[in-house]
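The values are calculated or read from the model by the stated rules, or taken from the named source; none is laboratory data. The structure displayed is predicted, hence computed values, not measured ones. Heads up, the Cβs are rebuilt from the backbone with ideal geometry, glycines too, and the neighbour counts pull from every protein chain shown.
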Amino acid sequence: MTPTSTPPTHPTASNPVPRHSASTGTGCLVFITGASSGIGQALALQCLRRGWRVALVARRLDALQQWIAQQGVGSDRARAYAADVTDSAGFLDAAQRCRDEWGLPDTVIANAGISVGMDTREREDLQVMQDTFLLNNLGMATTFHAFLADMQARGSGTLVGIASVAAIRGLPGHGAYCASKAAVVAYCESLRGECRATGVRVVTLLPGYIETPLTAGNPYPMPFLMPAEQFAHQALSAIERGDSYRVIPWQMAWVARLLRLLPNGLFDRLFAGRGRKPRRGT
């Protein structure tokens with residue numbers, strides 16, 4: 001993550017994006033969507049601990065402001081912006097307010113997302129799939145759109161897409177979520193290729209099971225369940241190292257590799273009878 005006050009840095013494997021000293025009280029500017037709870041909030045906290053400035057974005061402005069007050073930091077360190085990534089016009093207005101006040105972010109983390117079970121037999125669940133793709137996919141593209149062109153003109157910046165290990169294989173009852181996160185992986189990979197020569201990096205992060213409100217109601221075992229704060233620490237370390245793709249935790253990365261290799265018949269038998277993600281309103 002390169003601060004806007006310094007000349008553009010083009011990160012490579014041998015020249016990773018530098019760390020910034022938390023003792024300065026200032027540093028690079030990180031823009032995070034879905035920052036009112038869960039992974040987004042944990043990422044914001046880890047950024048503040050590193051001495052970076054954080055723009056927190058979510059629909060619930062009061063929740064963001066309350067959390068900032070609890071951290072005991074001033075408006076020179078953290079600011080809240082109310083926006084819904086599914087409302088492109090409103091979101092782009094909020095992004096512009098951030099830029100007017102603080103300048104172009106160094107890192108943008110598209111974290112806003114939902115996870116809801118669906119049953120294709122149920123007509124109302126067609127809306128669930130539409131809502132999931134609208135938030136998890138179009139919302140991410142809207143977030144990146146707000147900053148990409150000017151990052152490329154500056155010659156530096158990092159775009160981070162939060163996917164999921166659920167992108168690896170489709171799980172029963174998770175059709176909308178798994179499909180949307182697989183689309184996140186493919187979208188970020190495409191964008192990474194487009195940005196390769198511009199100085200803008202694209203990072204894809206695939207969390208395993210993380211302790212958040214989204215996973216609290218899952219009626220099935222969640223191996224390698226990780227606290228959100230621990231995930232955030234490892235996620236920011238991966239971004240700083242210059243990783244382009246990272247599954248967190250590492251144990252889940254090995255599970256993901258194995259799942260990719262399993263023949264369909266064996267995969268189907270292993271997951272037969274597994275609990276389904278609760279549907280909306282159930």
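Here D243 fulfils each of the conditions (1) at pLDDT below 80; (2) part of a loop (DSSP other than H, G, I, E, B); (3) surrounded by 12 or more Cβ atoms within 10 Å (Cβ to Cβ) apart from (1). One residue stands out among those in segment 1-56 that are among the hydroxyl-bearing types (S, T, Y) and either in a strand (DSSP E or B) or exposed (fewer than 14 other Cβ atoms within 10 Å of the Cβ) (or both): the one that is modelled with the highest pLDDT, which is T33. Is segment 189-210 home to any residue that is more than 15 Å from the chain's Cα centre (by Cα), closer than 23 Å to M129 by Cα and surrounded by 15 or more Cβ atoms within 10 Å (Cβ to Cβ)? No, segment 189-210 contains no residue that is more than 15 Å from the chain's Cα centre (by Cα), closer than 23 Å to M129 by Cα and surrounded by 15 or more Cβ atoms within 10 Å (Cβ to Cβ).
Within segment 57-86, the set of residues being farther than 21 Å from I162 by Cα and part of a helix (DSSP H, G or I) comprises L61, D62, A63, Q65, Q66, W67, I68, A69, Q70, Q71. For segment 30-80, filtered to residues that are β-branched (V, I, T) and in contact (Cβ under 8 Å) with a residue 24 or more places away in the chain, the residue that is farthest from T212 (Cα to Cα) is V73. Among the residues of segment 68-90, those that are touching a strand residue (DSSP E or B) at 6+ places or on another chain (Cβ under 8 Å) and closer than 21 Å to L135 by Cβ comprise A80, Y81, A82, A83, V85. One residue alone among A146, A167, A163 is modelled with pLDDT under 95, among the hydrophobic types (A, V, I, L, M, F, W, C) and touching a strand residue (DSSP E or B) at 6+ places or on another chain (Cβ under 9 Å), and that residue is A167.
Quick one: would you say A182 is in a helix (DSSP H, G or I) and in contact with a Phe, Trp or Tyr (Cβ under 6 Å, 6 or more places away or on another chain)? Judged against the criteria, A182 is not a match.
Looking only at residues in segment 117-134 that are crowded, with 20+ Cβ neighbours inside 10 Å and of a type in the set (A, V, I, L, M, F, W, C), the one that is nearest to F31 (Cα to Cα) is V128.
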